[in-house]
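Input: a single structure, listed below in structure tokens.
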Amino acid sequence: MLGKLTLGFVLLGFCGFATADQSRASGGYIGGAFGVTVFDDGGFFAGLNVDDEDTSLQLNGGYKILKHFAVEARYVDLGTYSVQGVNFDGTATSVHAIGIIPFGDSGWELFGQLGLGTLEIEAAGAPGFDEDVVGGGIGVRYSATQNFSLAVQTDVYVWQEDSTGIIYDMSVGGTQLSVQFIF
């Protein structure tokens, strides 16, 4: 089964290079993504039992201003993690600038993004708190038609925790499969 899937993606890739340019020069879009995330505490919870992996769900909407540039707003459920059996949930709301490099007229493009936003953390039985975050990532996208594309992307949200007087660099990042509906 895995071999057939791999062969299918390879054939899709070769077919993509033979098609006309499917990416639009500009226009609005909405999309979503699903993936795997990992929480990195930067040593803040050293010595404690930490469950640092979960799944993520993302909703986004944006506007491709030029063939090489877009702006996008995102809401991401980053998953549930635990420290010593206490669960906490992370969500991020952010705005991103996206640089795009199309691969000729193939429908394939490489993209990178930088953004700013807020990470909301809610722990079971404790008040939640917000952190300002910087987001960044890279991915590759294939536009199957002018109105639909698939992508694989890696994103990370980073912030600093200094409530103890020591600065810890923290992050939540992951890899996602995403879809876009372009209008």
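The values are calculated or read from the model by the stated rules, or taken from the named source; none is laboratory data. Please read all numbers here as calculations on a predicted model, not as lab measurements. Please note: Cβ atoms are built from the backbone with ideal geometry, for glycine as well, and neighbour counts cover all protein chains shown.
Couple of notes before you dig in:
- Pairs linking a residue in segment 91-113 that is surrounded by fewer than 15 Cβ atoms within 10 Å (Cβ to Cβ) to a residue that is of a type in the set (D, E, K, R) and part of a loop (DSSP other than H, G, I, E, B), with Cβ atoms under 8 Å and 6 or more positions apart or on different chains, are GLY104/ASP21; ASP105/ASP21.
- GLY165 of a type outside the set (Lys, Arg) and free of Cβ contacts under 8 Å to residues at least 40 places away in the same chain: yes
- Within segment 119-147, residues that are free of Cβ contacts under 8 Å to residues at least 24 places away in the same chain sit with their Cβ atoms under 7 Å from residues that are exposed (fewer than 15 other Cβ atoms within 10 Å of the Cβ) and of a type in the set (Val, Ile, Thr), at 6+ positions apart or across chains, in these pairs: ASP130/THR118.
- Breaking point among (1) assigned to a strand (DSSP E or B); (2) under 23 Å from LEU48 (Cβ atoms), for LEU150: (2)
- Among all positions in segment 78-90, there is no residue which is outside any strand (DSSP E or B) and free of Cβ contacts under 8 Å to residues at least 24 places away in the same chain.
- Residues of segment 41-72 that are within 17 Å of ALA151 (Cβ to Cβ) and of a type in the set (A, V, I, L, M, F, W, C): LEU57, LEU59, PHE69, ALA70, VAL71.
- Among the residues of segment 134-153, some residue qualifies, meaning at least one is more than 26 Å from GLY85 (Cα to Cα), surrounded by fewer than 13 Cβ atoms within 10 Å (Cβ to Cβ) and modelled with pLDDT under 95.
- You will find that of LEU59, LEU48, the residue that is out of contact with any helix residue (DSSP H, G or I) (no Cβ under 8 Å at 6 or more places or on another chain), surrounded by fewer than 16 Cβ atoms within 10 Å (Cβ to Cβ) and in a loop (DSSP other than H, G, I, E, B) is LEU48 and no other.
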